[in-house]
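Have a look at the structure below before the remarks.
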Amino acid sequence: MNSKKAIDNFLEQKNIAVIGVSSKGKGFGVAIYSHLKNNGYNVYGVNNNGGKIGNENLYKSLSEIPHKIESVITVVPPRETEKIVREIDSLGINQVWMQQGSESKSAIEFCVSKGMNVITSECIMMFAEPVRSIHSFHRWINKFLGKYPVN
């Protein structure tokens, strides 16, 4: 289980890249991107095909983003995450959230070996305030069942 301190540390960063944002405006990457953008974060979408989401450009890679990135959220298949964590490391970024279904043992081990703060097996939408809708219910259930990080 991830520690609450590690999650809070991740969420304190304000310049976040979300990898796996669709230019079609649908999908969980778009939901995460929009939620963070609407709640005070500087969010940069990454899609290996580029494109746009609304009026914002999607970058083809992290290295294309012309701003300092402090944290990265992956919303891509595990094999893509395994490649991305190496780029994250090369750019000196040490905060990684592998959205459920995006993580792999290899990617996690790589991040840990590099001393990164890596969050796995959690949905960021249950932690990034304000938590709404089904995510609020999931958070309540996890707290009730003792699965919600508390320390």
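The values are calculated or read from the model by the stated rules, or taken from the named source; none is laboratory data. Just so it is clear, the model here is predicted, and its values are computed rather than measured. Heads up, the Cβs are rebuilt from the backbone with ideal geometry, glycines too, and the neighbour counts pull from every protein chain shown.
Annotations for the structure displayed:
- Checking each residue in region 16-28 for being under 14 Å from Met98 (Cβ atoms) and at pLDDT 95 or above picks out Ile16, Ala17, Val18, Ile19, Gly20.
- Out of Thr74, Thr81, sole residue that is surrounded by 12 or more Cβ atoms within 10 Å (Cβ to Cβ), closer than 20 Å to Phe127 by Cα and hydroxyl-bearing (Ser, Thr, Tyr): Thr74
- Condition met for Ile108 (in a helix (DSSP H, G or I), hydrophobic (A, V, I, L, M, F, W, C) and crowded, with 17+ Cβ neighbours inside 10 Å): yes
- Looking across Val85, Val118, Val75, one residue alone is modelled with pLDDT of 95 or more and farther than 19 Å from Leu11 by Cβ. It is Val85.
- Considering each residue of region 115-137 in turn, none proves to be of a type in the set (D, E, K, R), without any contact (Cβ under 8 Å) to a residue 40 or more places away in the chain and outside any loop (DSSP other than H, G, I, E, B).
- The C-beta contact set for region 71-100 (first residue at negative phi, second residue hydroxyl-bearing (Ser, Thr, Tyr) and surrounded by fewer than 16 Cβ atoms within 10 Å (Cβ to Cβ), distance under 6 angstrom, 6+ apart or interchain) comprises Glu82/Ser106.
- The residue list Asn38, Asn57, Asn48 contains one member that is modelled with pLDDT under 95 and surrounded by fewer than 12 Cβ atoms within 10 Å (Cβ to Cβ), which is Asn38.
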